[in-house]
There are 2 protein chains.
Amino acid sequence: MSKQILRINMADLSYKYEKVPKKWSKWAGRGLTSTIVAEEVEPTCHPLGPNNKLVIAPGWVSGTPAAPSSGRTSFGGKSPLTGGIKESNSGGLSSQKIAKLGLAAIIIEGTPKDEKWYTLFLNKDGVKFESADDILGKGMYQVDEIFWKKYPNEPAIIGIGPVGEKKLSNAGISINDPENKPGRYAARGGLGAVMGARGVKALIVDDTDGPGVDIADMDLFKAGRKKLTDAIMSHDLTKPGGGLNLYGTNVLMNIVNEAGGLPTRNFSAGQFEGAAKISGEMIAEMVEKRGGGMTGHGCHPGCVIKCSNIYPDEEGNDFVSCVEYESAWAFGANCGIDDLDYVAKMIRECNDLGLDTIEAGNTVAVYMDGGALEFGDKEGALSLFDEIRKMSPLGRILGQGVEATAKAFGVHRVPTVKGQSMPAYEPRAIKGIGVTYATTPMGADHTAGYTIAPEIAGVSGKVDPLTDEGKADLSLTFQAATAFIDSTGYCLFIAFPILDIETGFAGMVESVAGVMGLKADDVDAIAMGKEVLKIEREFNTRAGFTSADDRLPEFMRYEKLPPHDVVWTMPDEDLDKVYSWID
Amino acid sequence: MSKQILRINMADLSYKYEKVPKKWSKWAGRGLTSTIVAEEVEPTCHPLGPNNKLVIAPGWVSGTPAAPSSGRTSFGGKSPLTGGIKESNSGGLSSQKIAKLGLAAIIIEGTPKDEKWYTLFLNKDGVKFESADDILGKGMYQVDEIFWKKYPNEPAIIGIGPVGEKKLSNAGISINDPENKPGRYAARGGLGAVMGARGVKALIVDDTDGPGVDIADMDLFKAGRKKLTDAIMSHDLTKPGGGLNLYGTNVLMNIVNEAGGLPTRNFSAGQFEGAAKISGEMIAEMVEKRGGGMTGHGCHPGCVIKCSNIYPDEEGNDFVSCVEYESAWAFGANCGIDDLDYVAKMIRECNDLGLDTIEAGNTVAVYMDGGALEFGDKEGALSLFDEIRKMSPLGRILGQGVEATAKAFGVHRVPTVKGQSMPAYEPRAIKGIGVTYATTPMGADHTAGYTIAPEIAGVSGKVDPLTDEGKADLSLTFQAATAFIDSTGYCLFIAFPILDIETGFAGMVESVAGVMGLKADDVDAIAMGKEVLKIEREFNTRAGFTSADDRLPEFMRYEKLPPHDVVWTMPDEDLDKVYSWID
């Protein structure tokens, strides 16, 4: 049975299954969400108005048997944070279940009458629209618990916290993890507010007795799957007992700090004296010492990398998953806080309230920079989440993210591109990632073209992070490869082994080709990635973006970053070169 | 003596007089502020960062003897509200005094060390930098009073209220009126925050014994002045006892309401049942009944139109100047409030705190639309200004204007263009003004191309407000003429007589030519106006604006406006035509 599109109309609480149109049939994941958004959403529409849509799509290999680390779901729409197109993807339970229901994508459109709120229950029989009155205002920990009690078969829960209900622009979309915790997020770009604008508090997905995923060429798929799995299992970063498995993404904290590229105290320095105290090594030590939590946690069934963790509280109880590098950096180094317990508490608040941790950490840092709180004031920082929970006016400011907070408090050191704040890598000290921040259609986003691999981790060769030279080309290659990987359903972390191990790359391509019924040679990953970028770029152009939006913030051109005492020197021409093949 | 540029550097508290460069010498007022901003301010700079500048310029005829209604001062910079170039001009005492000191423009640049605040005292001997510590946080009523006590000669006071000190994007710049009240504002676009970012609380201008203004051809100037004065004194709208003189700008309330173009309850209807109660006629009735205040008030020495008023409180004391049409609309019809006393109280709060009334009224209306307050709740609306005064988080939201408030409260009926909110004319019912809102480089601004003259007032012929036909050309002509008038120093209200009376137009041109030493034929008002528009438009393009920014908000395309039940139907091609001669 070929895949279908499920279109849900909240205006009249109806739904229908549609054949996947031919023009969309080559796409999955990010490629599909961006294609649908570009075709069906007017780029100049108000992101919270009735004409924006939320599009959800698993990847090509999602739901296939034993494709390694293939649990990503793509979410797309016009972003309330950037005003441009947005794809944000996440692990958790949803991807495989949606795929196994035979769905290529779910499109949620329209606005309920009388501002009513709904929970959508989706299984093989269709969609049930249920009032969400009884769960409105509740945090995602409680929501997840309620729905696993209410529904059998441990369904996937895609939901928004109170921040998404209020349509604030730092609202993410939560996906439950295998322990039914809201530890996984399509976090960036405010898509939780787009879901809120559709009046949907949660979408429950039960794939029981679903048709499953057709694999056109099982032999090719299996051959590819094996090559990819072997590569993952042999690469130093991704193998069992490798860096990611032992210490999670937060293995990076000490490394990036050493390189002088760890943004500290709202991007005013590149090294944090307390880095070791909030590092992945420290998480492992805490797990060991407290006898609870875990490292080597998988965020979805079938993950072979298992870079996630569960952080324990002082009594050794499971407290929060996951203390990622970016989250630990956001609330740690960037706020001048060197206490992992407080970092973990703030991550838990984000997971419950429905906030992107990167944007939220940057928001606290900008608030501190405005003088309202001292850098390092961990109690003060944590208390800000009470304001968001109460939806006080201060909470409404903070819930919108960095730019809104900067404007409210008169701060002009604002580390954003296209309205979205920068993750845990200082572009003045790591130039390639700065090119990605500046030029990706997504707004500042490390995952959109992770040049950190060669610039810091030495994957696919080692490149000097401090030179401008060659970084435009490097970023474009990574952006294109990423757009392809984001369409597969595979986790981006397969990039490390496939960049270093040729057969791994071939295996990824073969597994995709096997599902689609193509020859491996007919799947040109970079070319297809560039097609996706082109679709996204053109949406943004129609929305009013220009090369002026492909720039880092002004302060990075005149404020020197210690310890290297560098400013952002990348010529505008280099930035404009990245997308010159389209414009 | 030829005019000079006064350049004030707040970084080292220095100043210097510079010869006006040849390339700038043809410009004054808006033409000069926009030229200087375009040349000296990087369009992608942060508007509150160290590299934005505040430029102040009187017009060509400012400070000349008896040029009628010639008291406008232009203020320019990059706008924190729109992100584009901004010129905002005002009446009050400053224009003539700056001109009489022999200054073509004042440029304020740089940022004081250690976030210190200053008052600048300017007279014929130069600039004194004085600490502003003792007046920080004070409202403009008190500031004006303090400085007239401190300095002799009744100087002009250009200052910012608490909102500008906090660098919030709805901060205006106050100019004292002849009674030394802060009744005059370069209000729109947040230039008060740009002044705040320079660390300047107030600029005091004493023109005593200044060199005065050279007039190159006194005979031509006098001949022009007479023609223009005669036209003003004979036109029905501007003559003594004419509409503007009797009822002020608020003579429009009933007229626009009758036309179904009075935006009501956050642009959800075009007629307000309480319009008469907040009209200019009602102001005149109040002045009569209460035995205080006045109509026919002049906002600067030498005004012959005298459209300003002083509104009296219940005891007949002078309470606030001025209850303009746009202000009465903003807090009245647009908030569903039909009580002039409350409208007057809110205007006084704006004048004291340093807020643009149009943006502030729209902000209250959007806040109401978000459900936080009922439309019509005048007590609740007034109490919001206490929040701004306290600088509570809610006050910080509201002090930024409409878009920030809409985002904080999840509202998508947002009547803005380029981030600036619309004035008192509904574009769905008066199409030409919609073209101006959409396309002017200034963001939604009626004064940028006041097609209301033919569409509603029947000046220069009568045009059907409800037709799209011909409105692109009409708007461009008005935008160009306005850019010229905004450069002269004359009040825009001379437009009514000069549009209807040919000798009036000729008189305006001759008076300008006389000052500049040109032949009248060499001053092509429309061509020069277009030059100014081109400079502004190109700044915005470099700042990243595109045709997508030349659009009205999406809701106006799908929400029908009663009573005409019309939506915005202007084709995008018509909007793009307005500036097609540049792009």
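A few comments on the model shown:
- At 0.692 mPa s and 37 °C, Stokes diffusion of the protein assembly as shown via Kirkwood alpha-carbon radius, µm² per second: 106 µm²/s
- Cβ neighbours within 10 Å from other chains - mean over A:539-552: 3
- Within 10 Å of each Cβ in A:41-48, the average number of Cβ atoms from other chains: 4
- Assuming charge only on the beta carbon of Lys and Arg (+1) and of Asp and Glu (-1), the dipole of the protein assembly as shown about its Cα centre is about 620 debye to the nearest 20.
- The antiparallel fraction among DSSP beta bridges confined to region A:4-205 stands at about 75%.
- Spacing of the two label points (7 Å from each Cα toward its C-beta) at B:Ala66 and B:Asp565, in nm: 5.8 nm
- Distance between modelled label sites at A:Asp464 and B:Ala276, nm, 7 Å Cα→Cβ extension: 8.1 nm
- Here A:Lys462 yields copy-to-copy label distances, from shortest upward, of 8.3 nm, the label point defined as 7 Å from Cα along Cα to C-beta.
- Long-range HN-HN contacts of A:Leu355 with modeled amide H, under 5 Å: A:Gly172
- Long-range amide H partners of A:Ala444 with built H, under 5 Å: A:Val417, A:Gln420
- Gain upon complete extension [A:Asp341, A:Lys226; 0.36 nm per residue less C-alpha separation]: 37.4 nm
- Greater than 28 Å apart at Cα, pairs in B:Lys100/B:Lys519; A:Lys167/B:Lys166; A:Lys407/B:Lys16; A:Lys124/A:Lys418; A:Lys97/A:Lys289; A:Lys53/A:Lys124: A:Lys407/B:Lys16; A:Lys124/A:Lys418; A:Lys97/A:Lys289
- For the rotational copies B and A, the chain B residue with its Cβ nearest the relating axis, together with that separation in Å, is B:Pro393, 2.
- Phi-based couplings in Hz for region B:293-306 (Karplus 6.51, -1.76, 1.60; Gly and Pro marked x): x, 6, 9, x, 8, x, 8, 7, x, x, 7, 9, 7, 6
- DSSP-assigned coil residues among GluC sites (Glu not before Pro) in region B:196-283, each with at most 15 further Cβ atoms within 10 Å: B:Glu273
- For trypsin sites (Lys or Arg not before Pro), the sites in region A:412-478 that DSSP calls loop and that have at most 16 other Cβ atoms within 10 Å are A:Lys462.
- Counted residue by residue at 0.36 nm each, then reduced by the alpha carbon distance between them, the extension gain from A:Lys113 to A:Asn9 reaches 36.3 nm.
- Of the residues A:Ile433, A:Ile157, A:Asn176, the one whose Cα sits farthest towards the positive end of the charge dipole of chain A is A:Ile157 (charges of +1 on Lys and Arg Cβ, -1 on Asp and Glu Cβ, taken about the Cα centre).
- The calculated 222 nm mean residue ellipticity attributable to helices in the protein assembly as shown amounts to -11000 deg cm²/dmol, summing -39500 (n - 2.57) over DSSP H runs of n ≥ 4 and dividing by all residues.
- Over all pairs of different C-alpha atoms, region B:264-409 has a mean inverse distance whose reciprocal, the Kirkwood radius, equals 15.4 Å.
- Unit charges on C-beta of K, R, D, E only; dipole of chain B, Debye: 1460 debye
- For region B:4-205, the square roots a ≥ b ≥ c of the C-alpha gyration tensor eigenvalues yield an a/c under 1.5, which makes the shape rounded.
- Take A:Glu42, push a point 7 Å out from Cα through the beta-carbon direction, and compare it with the same point in every other copy: 3.7 nm, smallest first.
- Relative exposure of B:Leu518, B:Leu81, B:Leu168, B:Leu48, judged by other C-beta atoms within 10 Å (fewest first): B:Leu518, B:Leu48, B:Leu81, B:Leu168
- Using R0 = 22 Å, the C-beta based FRET efficiency linking B:Glu285 and B:Glu374 works out to 0.20.
- Average other protein chain Cβ within 10 Å of Cβ, residues A:410-423: 2
- Relative contact order (%) - criterion: Cα under 8 Å, at least six apart; region: region A:216-284: 23 percent
- For B:Tyr425, no residue 5 or more places off, or on another chain, has a built amide H under 5 Å of its own.
- When both bridge partners sit in chain B, DSSP labels roughly 80% of those beta bridges antiparallel.
- Most positive-pole-ward Cα, A:Ile232, A:Gly91, A:Gly274, against dipole of chain A from beta carbon charges: A:Gly91
- Relative contact order of chain B: 17 percent, from C-alpha pairs under 8 Å at least 6 residues apart in sequence.
- When only Cα pairs below 8 angstrom with a gap of at least 6 residues are kept, region B:264-409 shows a relative contact order of 20 percent.
- Calculated from backbone phi, Karplus (6.51, -1.76, 1.60) coupling profile of region B:111-123 in Hz, x at Gly/Pro: 10, x, 5, 6, 6, 7, 10, 9, 10, 9, 10, 10, 9
- Scalar couplings 3J(HN,Hα) for region B:134-145, obtained by applying the Karplus form with A = 6.51, B = -1.76, C = 1.60 to θ = phi - 60°, are 6, 10, 4, x, 7, x, 6, 4, 6, 4, 4, 4 Hz; x denotes Gly and Pro.
- Along the axis of the charge dipole computed for chain B (Cβ charges of +1 for Lys and Arg, -1 for Asp and Glu, origin at the Cα centre), the listed residues B:Gly298, B:Val343, B:Gly137 are led at the positive end by B:Gly137.
- In nanometers and ordered shortest first, the copy-to-copy spacing of the B:Ile582 label point, defined 7 Å from Cα toward Cβ, is 2.7.
- Prolate/oblate/rounded call for chain B, Cα gyration tensor, a/c under 1.5 rounded: rounded
Values quoted throughout were computed directly from the atomic coordinates according to the rules given, and no laboratory measurement underlies them. Owing to the predicted nature of the structure, the values given are computational and were not obtained by experimental measurement. We place every Cβ from the backbone using ideal geometry, glycine too, and count neighbours over all the protein chains shown.
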